[in-house]
Amino acid sequence: MRLAFCGNDNASAYNISAGVLRNVCFVDALNLVPHVFLLFITFPILFIGWGSQSSKVQIHHNTWLHFPGHNLRWILTFTLLFVHVCEIAEGIVSDTQMKSRHLHLFLPAIMGFVAATVSIVYYHNIETSNFPKLLLALFLYWIMAFVTKTIKLVRYCQDGVPFSQLRFCITGIMVILYGLLMAVEINVIRVRRYVFFMNPQKVKPPEDLQDLGVRFLQPFVNLLSKATYWWMNTLIISAHKKPVDLKAIGKLPIAMRALTNYVCLKEAYEEQKKKVADQPNRSPSIWLAMYSAFGRPILLSSTFRYLADLLGFAGPLCISGIVQGFQNTTNNTNATEKVKDPSNSYLSSEEFLRNVYVLAVLLFLALILQRTFLQASYYVTTETGINLRGALLAMIYNKILRLSTSNLSMGEMTLGQINNLVAIETNQLMWFLFLCPNLWAMPVQIIMGVILLYNLLGVSALVGAAVIVLLAPIQYFIATKLAEAQKSTLDYSTERLKKTNEILKGIKLLKLYAWEHIFCTSVEETRMKELTSLKTFALHTSLSIFMNAAIPIAAVLATFVTYAYTNDKPLQPAQAFASLSLFHILVTPLFLLSTVVRFAVKAIISVQKLNEFLLSDEIGDDSWRGGDSSVAYESCKKHTGLHTKAINRRQPLRYQLESYDQPTRKQTHPVEIDDIAIKVVTNGYFSWGSGLATLSNINIRIPTGQMTMIVGQVGCGKSSLLLAILGEMQTLEGKVHWSNVNETEPSFEASRSRNRYSVAYAAQKPWLLNATVEENIIFGSPFNKQRYKAVTDACSLQPDIDLLPFGDQTEIGERGINLSGGQRQRICVARALYQNTNIVFLDDPFSALDIHLSDHLMQEGILKFLQEDKRTLVLVTHKLQYLPHADWIIAMKDGMVLREGTLKDIQNKDIELYEHWKTLMNRQDQELEKDMEADQTTLERKTLRRAMYPRESKSQLEDEDEEEEEEEDEDDNMSTVLRLRTKMPWKTCWRYLTSGGFFLLFLMIFSKLLKHSVIVAIDYWLATWTSMDNANEVRNVDDINSTNKTYHVAVFSILSGAGIVLCLITSLTVEWMGLTAAKNLHHNLLNKIILGPIRFFDTTPLGLILNRFSADTNIIDQHIPPTLESLTRSTLLCLSAIGMISYATPWFLVALVPLGIAFYFIQKYFRVASKDLQELDDSTQLPLLCHFSETAEGLTTIRAFRHEARFKQRMLELTDTNNIAYLFLSAANRWLEVRTDYLGACIVLTAAVTSITEGPNSGFVGLGLLYALTITNYLNWVVRNLADLEVQMGAVKKVHSFLNMESENYDGYLDPSQVPKDWPQEGEIKIENLCVRYENNLKPVLKHVKAYIKPGQKVGICGRTGSGKSSLSLAFFRMVDIFDGRIVIDGIDISKLPLHTLRSRLSIILQDPILFSGSIRFNLDPECKCTDDRLWEALEIAQLKNMVKSLPGGLDAMVTEGGENFSVGQRQLFCLARAFVRKSSILIMDEATASIDMATENILQKVVMTAFADRTVVTIAHRVHTILTADLVIVMKRGNILEYDTPENLLSQEDGIFASFVRADM
């Protein structure tokens, strides 16, 4: 059969006698002309253009879309392409009904399709390279196409083709589309004037695209790239080569920045405030504000969602049509086909849609569209959610900066609440926004689904729907229970963490006293409670998973059984599979509904909390909340010169400069108070918001450029006075006047250089930022090296800075190094000194400093540095010995000013007070002499050094996984790193799975496989049943039918029942296995860590170990099991679906190969990028939360310094950084989902085509399609879960790296029963040739030490730092590796003893006093072995008895964490009592007196002499004079003993080391 354009079965095809345009074939040929024209013109231009593409350097401009009508053009072109596809299909279907090929039916359509594609490609290239003149080609094309199509349409009208004919409709639509595209093109010419006009319009790209830092291009790319996230490809592929970092993701576009959105939301909220201003009991609605600020995108997203949901129903309808068509063709094969007459070759739409292949293609297109719309809806909500979160965070932050201090201190708004607002409530609202479109899309989806079901199956469909609806509330109930369980789990885990933290902090003591097991059990107890609530959590999780899987099975069962018994007609495959598919669609919204309702409830609560917070009291303009506000305001106006602080506080500097211009201020300035900086007049009464005045009757003045001291007893209102002056307290009466200090300075320039209204303030409780030391001191001022050096010297910070690993660039705070109180306080004082402000407020800067530092600070910092600068200083202090330095003194008592004046005035007027001060001063001077020896700072530095540089080398955990090491190695060749970045951690997964036990693992795998086989069997049975019924129907055998029906229904019911039961079993086993694994991993980890060598704790940062117990354990407990469940479920579903389709049509496997390869690459690239982006999201969240809590803690300081603007800026930066990371993460998820969804659509298309051509019977065609449709839903879950699991397995890996650690060797050669009960009785110690090292790869720290200590001797050991004194004391307890020589105590070599026995028989007092939270009884005797009398005796010896007696509960009085409720000295005495309680004949004191004052030390010495008279005491001395009374002194140097004799003998050797030590110490 020869091919011919017009077909060769019709002689009149080439006849033009009736006029050229009357010939159908000619008109079709005419339609080819414009398409060919376009291709000829554009191809050369495109090729030349692509050749010179490399000239475009700036990445952004090729995404710049600036021709008007851009989106409309894309939409019209896509519609045009779709119509072309319809035209092609219609032509081909018509052609199959002819005798010979008629190319003119479909060839022009195919060319049209190609031309339309080329037009959009061409347009895109012109737009990005900005050559608008070339658009003329397109313009001509649209005109020609429009004309030729119109000719065709007119011709059809003349022939009287009815409107119901498909070809007529298509032609009509095309005319409209070409017309619209022509209009779009004309509009571009009109706006841009690139041709026919004299002056073309110049355009500039938007700001974001000019900024190369903006890498998030979603808002700027074309529609196709927007829909498929094509622009993400570069990022996701580059992630493979090098990790994604903050630089790679760039900045947020302007429209999404927190500031932009904050302004929107703020304006909307202010509108709401205005509305309710006159109704005092109504609060402004945040909901309405959010709606007016972010309503439009939400509506857009909902529209997308509706479109996607409606397109979703195309699936079932197409399945039904295909199966029906397939059935008809198989049934009608023997009917004769009628051949159409060529002259009447028109198809009606119904006939067209009856063609199965057409339906398959339609199904494919519908799926692609549905998925695109769905992802677009998700993206828009995500973006809006992120914008909302940014705006809310900025609102909360601005409010925090204006919160009244009384609110924070009176506990109306605790820091915890503020942190919750930031961390929880804003995220709740964001999540609610994400799920928002579901709220209104779901009801529509459900109603549509039920209507379609009813059409398919009649009444029985309602039965199934009823089952689903009745079971949905149970889902909601389970969801609420889940939330409760999670909360209680959280409480227990917080408690467990607190206990673990204590253990880790006091680990040295626990080991030395052999108490590890007691504390370990207490943690295990809490862990058991936590696991119990985790069990309920797991149970409810598995129930919800089970409900999810079982509801559709139950619904289908109910429906089909009802149908079988109520309808006479057997079930058709088309009905069966379409309704199955509908049930699948219905379950999703019902399952989600419970989640959405829960989130809606949470969101309502969050909004209430937010509103309360936003309406809480503020500081500032209304700080005169007294009755006569008008009067106060009037007087304010009078004193323009002395304008109140309150007014200025709220306005940034520039407004102040504008509103109070200099001249007026000059005149109203009374001369006599020129030298007064601040004056509180007219009986100031100030309160902390309770209405009761904390400060009353205050009239004070603070002279300029001088030092004012505020003194008084504890709690008499000194700090409050400072805060009142700063405007932080509520003023009940009176005012604070700030005079313009700079009047005295002649030049205006000098006055400009200092920030006039800012006050450098150092609070009593030091407040530091999580930043470097330098940033903390500079605090946003310009860096001046000289000044910085002067300040650090004055605060003697240099030695401390030298100790830090990176000097003053070391991070301090939550993530960095923890400093001691004194060091923190000195940094705060340094900050106040460094700032260039006129006024400095120091609130008790000496409280945490020892005497040397205080003196140094007073001399260098205050008297020299501040006075030279002529700065006004207000100093609150208890140290009366500095009173003579003061220029002005304010003495306070009970919230009132007792006296005010110079020291002379007070000496003359109030002799009593002066005498009182004098006695106090004397007492302080005596303490001073004592204190000269108690050098606290050296101790602080020592602890810092210990924290920073653990003994010897810092060899990290060598036994971390090899993989880990390769990852760390930056210089390692790229290929291995790449391999590691793409490799799934299978080894770790296997470890995790086996840690739950092999039985559970086997049970899980077996039940999973069985469940999926049963589910497949159910559908398979349905297919055979329905196909069989059809065969029966043809033969009309009734009696067989009824018995068959019962048989089929019975098998179907049994299978469904089994499926439901198996669903429950599998979901339970997975959760159960996860729990067991979590339990075992935590148990092993805890025991391993507690038994680890002390060296491990020296070299591993505490935070790192704690992380294993907090974050990692939490992931193992709560996140891995559901991820694992979801992963196995979706993988098995996909596999069973592929298996089922291949079984029905083996040819499908051939088509599967390329799809499989594509899927492999997509998941491989995605996993790497997703992991990086997830880490970025996590790591950027922490600084943001820290910044909020820091700000809330340091409010007074920030406000005094007037640094609100800088902190706001920082907050906006942090928010934007976190938001961009989150935005990229969600864009990456969209990228993946679009790709997997399109793959799924391809699978559906191939499955449909292969099953139609090859399918055995209609039932299996339906089955294949049903499964192909489920694949589309589950493919992206496979990848997402894989990526999540990979990240979560990191936690297991980290825990495992600790589990490979060496433990201490606890077993000795001797059995504990062989050791005498009362060993060591005498306390005789022989040290023979002892060599000690910390680890077998390190140098020895003690070399061949020999000594003999008689029973009951008091021995002192001294030497410089690092001489091995402490190592010797640790050697007694075998805390270090004794590799040569031995220590014999009372005849037993200690290396043969079990560790526990050895350590429980000796006692030691450590340098740092450690107490645990619990009762005093627990601290003295955790093993509960002793009687109360024994404990009281110990307390009496330690001189603590009276103090403990006075506490509520006596021995059962509580000790807070770390013993914070006792002073350092008292804590050390408790440790002494603890050592006494353990009746051991050997006591070792390791520098025990270093951290206590003289008084306590004397007590200690006395006790050692009396209470421990008959015991052997080894003292390691920090200060030599403590061991002058000893019986024997050992002087050590570099691990060797240098001198060994009685102190008297050693002192007589003039040139001896001991003698030189004593001289230096005197």
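Details
- Modelled this way, with points 7 Å down the Cα-to-C-beta line, the labels at Asn281 and Asn233 are 6.4 nm from one another.
- Across the chain, Cα pairs under 8 Å and at least six residues apart give a relative contact order of 10 percent.
- A cut-off under 11 angstrom between Cβ atoms defines the neighbours of Gly312, and their net charge, with Lys, Arg +1 and Asp, Glu -1, is +1.
- Largest to smallest accessible area among Asp1377, Asp1178, Asp309, Asp278 [probe 1.4 Å]: Asp278, Asp1178, Asp1377, Asp309
- For region 1193-1348: rounded, prolate or oblate by the Cα gyration tensor [a/c cutoff 1.5]: oblate
- Between 0 and 90 degrees, the angle of helix 1204-1254 with respect to the longest Cα principal axis of the chain falls at about 30 degrees.
- Of the chymotrypsin sites (Phe, Trp or Tyr not before Pro) found in region 104-188, the ones in coil according to DSSP and having at most 16 other Cβ atoms within 10 Å of their Cβ are Phe163.
- If only the Cβ of Lys and Arg carry +1 and only the Cβ of Asp and Glu carry -1, the dipole of region 1411-1558 around its Cα centre is close to 360 debye.
- C-alpha center-to-center spacing [region 784-809, region 1227-1253] in angstrom: 63
- Overall dimensions of region 55-159 by Cα: Rg and Dmax, Å: 17.6, 59
- Net charge of the neighbourhood of Cys169, taken over other residues with C-beta under 12 Å away and scored Lys/Arg +1, Asp/Glu -1, is -1.
- When each of Lys1339/Lys1392; Lys266/Lys481; Lys511/Lys1425 is checked by Cα-Cα distance, pairs over 28 Å: Lys266/Lys481
- Accessible area of the chain belonging to carbon and sulfur atoms, whole % at 1.4 Å probe: 60
- Pairs from the table (Lys1317/Lys1343; Lys1343/Lys1365; Lys789/Lys879; Lys765/Lys789; Lys149/Lys226; Lys879/Lys918) lying more than 21 angstrom apart at Cα are Lys1317/Lys1343; Lys789/Lys879; Lys765/Lys789; Lys149/Lys226.
- Estimated FRET transfer efficiency (Gln786, Asn427; beta-carbon r; R0 60 Å; 0.05): 0.80
- Using a Förster distance of 35 Å, the FRET efficiency for Ala1158-Cys169 (Cβ separation, nearest 0.05): 0.45
- Residue among Ile48, Thr1215, Thr526 farthest towards the positive dipole end of the chain, charges placed on Cβ: Ile48
- Gained length - Trp986 relative to Lys1350, 0.36 nm times residue gap less alpha-carbon distance: 125.0 nm
- Relative contact order of region 1418-1562, defined on C-alpha pairs under 8 angstrom at six or more residues apart (%): 18
- Antiparallel bridge percentage (DSSP; both residues within the chain; nearest 5): 55
- Partner lysines whose Cα lies under 26 Å from the Cα of Lys983, excluding those fewer than 8 positions away in the same chain, are identified as Lys241, Lys242, Lys247, Lys1008, Lys1164, Lys1171, Lys1293, Lys1294.
- For region 1286-1339, applying the loop criterion from DSSP together with a ceiling of 12 other beta carbons within 10 Å to the trypsin sites (Lys or Arg not before Pro) yields Lys1317.
- Label-point separation, Ile911 to Leu615 (7 Å along Cα→Cβ), nm: 6.2
- Length gained on full extension, Asn8 to Asn683: 231.6 nm, using 0.36 nm per residue less the C-alpha separation.
- For the pair Thr521 and Leu72, the difference between a 0.36 nm per residue extended length and the Cα-Cα distance amounts to 154.7 nm.
- Leading residue at positive end of dipole, the chain (Cβ point charges), from Ala1438, Gly172, Gln706: Gly172
- R0 of 56 Å, Cβ-Cβ distance Ile604-Tyr1309: FRET efficiency to nearest 0.05: 0.25
- Loop sites in region 181-232: chymotrypsin sites (Phe, Trp or Tyr not before Pro), DSSP, at most 16 other Cβ within 10 Å: Phe196, Phe197
- Column: log10 I(q)/I(0), Debye, Cα scatterers of the chain, q = 0.07, 0.08 Å⁻¹: -1.02, -1.21
- Model label sites at Asn331 and Glu270, defined 7 Å from Cα along the beta-carbon direction, differ in position by 7.2 nm.
The values are calculated or read from the model by the stated rules, or taken from the named source; none is laboratory data. This one's a predicted model, so the numbers in the text were calculated from it and none came from an experiment. When we count neighbours, we look across all protein chains shown, and the Cβ atoms used for this are built from the backbone with ideal geometry, even at glycine. These area figures cover heavy atoms from the full protein model, side chains too; ligands, DNA and RNA do not enter into them. Shrake-Rupley method; radii C 1.70, N 1.55, O 1.52, S 1.80 Å.
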